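Worksheet: one structure, shown below.
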Amino acid sequence: MNFASDNAAGAHPAVLDAIRAANEGAVASYGADRWSAELNEALAAWFGRRVFAFPVATGGAANALALSQIAPPWSAVFCHRESHINVDECGAPEFYTGGAKLVVLDGPAAKLAPATVRTALLDHPRGEVHRVQPGAVSITQMTECGTVYRPHEVGALAQIAAGAGIGLHMDGARLCNALVTLGCSPAEVTWKEGVSALSLGFTKNGAIAAEAVVFFDEAVADGFAFRRKRGGHLFSKMRFFSAQMLAMLKDDLWRDLAGAANAAASQLAAILTSSGCTLAFEVEGNEIFARLPRSVADELRKDGARFYPWGPETGDTPLYRFVCSFATREHEISAFRDRLHFQLRRS
Ligand SMILES: Cc1ncc(COP(=O)(O)O)c(C=O)c1O
């Protein structure tokens, strides 16, 4: 009954097989190997165009490095208050950009609304030497509240950013989950809608450590190879990172795994709501945010269920986050259902 995080899951066997297969003999290092060449082709096919992709080890590194490429040190990165870059990256975006300021904005379900970004931009006039200058808009797909931006919503934000002469960054740590929900292609919710820098994540969806910074325009990617090297993310044994991503892309494994995670979350959400728990946000991927009586949550955790409070665990019915992954099993969900029903009856 581990619903703590999709990071709690292991790696998919196909990823392990791919790493083992790449472990044959000596090959060129630092990305000059055949797996890395194949990865560039596979990602070009995935996005339906030439892309400039740079594997890195973590989603945090992808975000910080991507932002440092598009946002100058004296600029503002407009992001949601709940965003991972604001809450969970220990200041890495500020550090890697050399001091760009995260300007946090509010919006329901961790989504930025066009009007909010427009107003924030008005508040940061270009050329005003006392103010940080517009640097980038950053959104998360799917969001930290488990919700999904529709392609037209991404496009609206990209247009506003472009109007201010800045780029739109997408933290795609769970892009695969969003793609399954949207039923659209990677292109349709990224470059076709104007995303200029993408942090593409496969780790949560079944890899060991396989993330990449992806640019869609050669000019935007210019110099990034040096930035990644300087940031300590140019792997000598790159083949193993490339092999993981190739395994995720092969035969659309990413879709099967994200689909399984999303389906498990729908099942769990149905159990929670039919048991009288309320959901704080629509479940649009593999994350659920539900209010439970605190005493029931305590007992469930004593019973072995793993999930975290979302925010302060105060009041009678705090908010809790439940995350499913490709590895969530039917029996975990039914065991949770039985324990939940039992504890609710007792409470
Ligand atoms: C929205 C989001 N972005 C990025 C990350 C990347 O984190 P890490 O640096 O731990 O790979 C996470 C991980 O929890 C996340 O939830």
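The values are calculated or read from the model by the stated rules, or taken from the named source; none is laboratory data. These numbers were taken from a predicted model, which means no experiment stands behind them. Note that each Cβ is placed from the backbone with ideal geometry, even for glycine, and that neighbours are counted across all protein chains shown. Heavy atoms of the whole protein, side chains included, go into the accessibility calculation; ligands, DNA and RNA do not. Shrake-Rupley method; radii C 1.70, N 1.55, O 1.52, S 1.80 Å.
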Highest mean packing first, using Cβ neighbours within 10 angstrom, the peptides 284-297, 207-220 sort as 284-297, 207-220
Ordered by number, the GluC sites (Glu not before Pro) in region 1-80 that occupy a DSSP loop and have at most 10 other Cβ atoms within 10 Å are GLU24
Looking only at lysines whose Cα falls under 22 Å of LYS250's and that sit 8 or more positions away or on another chain, we get LYS204, LYS237
Heavy-atom accessible area of region 110-255 with neighbours in place, 1.4 angstrom probe: carbon+sulfur share in percent works out to 53 percent
From most to least accessible, 1.4 Å probe, no ligand or DNA/RNA atoms counted, TYR30, TYR320, TYR96 line up as TYR30, TYR96, TYR320
Per residue convex hull volume, Cα only, region 131-220, in Å³ is 111 Å³
Reduced to Cα centres, the span from region 1-71 to region 270-311 in Å works out to 32 Å
Length gained, SER236-VAL27, 0.36 nm per residue minus C-alpha separation, equals 74.2 nm
Sparse-neighbourhood loop hits (GluC sites (Glu not before Pro), region 113-190; DSSP loop; Cβ within 10 Å at most 15 others) -> GLU128
For region 185-300, shape from the Cα gyration tensor axes a ≥ b ≥ c, cut at a/c of 1.5 then a/b versus b/c, turns out prolate
Rounded to the nearest 10 Å², the accessible area of LYS302 using a 1.4 Å probe with every protein chain kept is 150 Å²
Expressed per residue, the solvent accessible area of the chain in Å² (1.4 Å probe) is about 43 Å²
In whole angstrom, largest first, the equivalent ellipsoid semi-axes that the Cα gyration tensor gives for region 92-179 are 23, 15, 11
Looking only at lysines whose Cα falls under 21 Å of LYS101's and that sit 8 or more positions away or on another chain, we get LYS111
Percent of all Cα-Cα pairs per 20 Å bin for the chain, counting from 0 up to the last occupied bin, reads 31, 55, 14, 0
For region 201-209, Karplus-derived ³J(HN,Hα) couplings (6.51, -1.76, 1.60; θ = phi - 60°; whole Hz; x for glycine and proline) come out as x, 10, 4, 5, 9, x, 8, 8, 7
Computed from the beta carbon distance with a Förster radius of 25 Å, FRET efficiency for ASP316 and ASP88 to the nearest 0.05 stands at 0.35
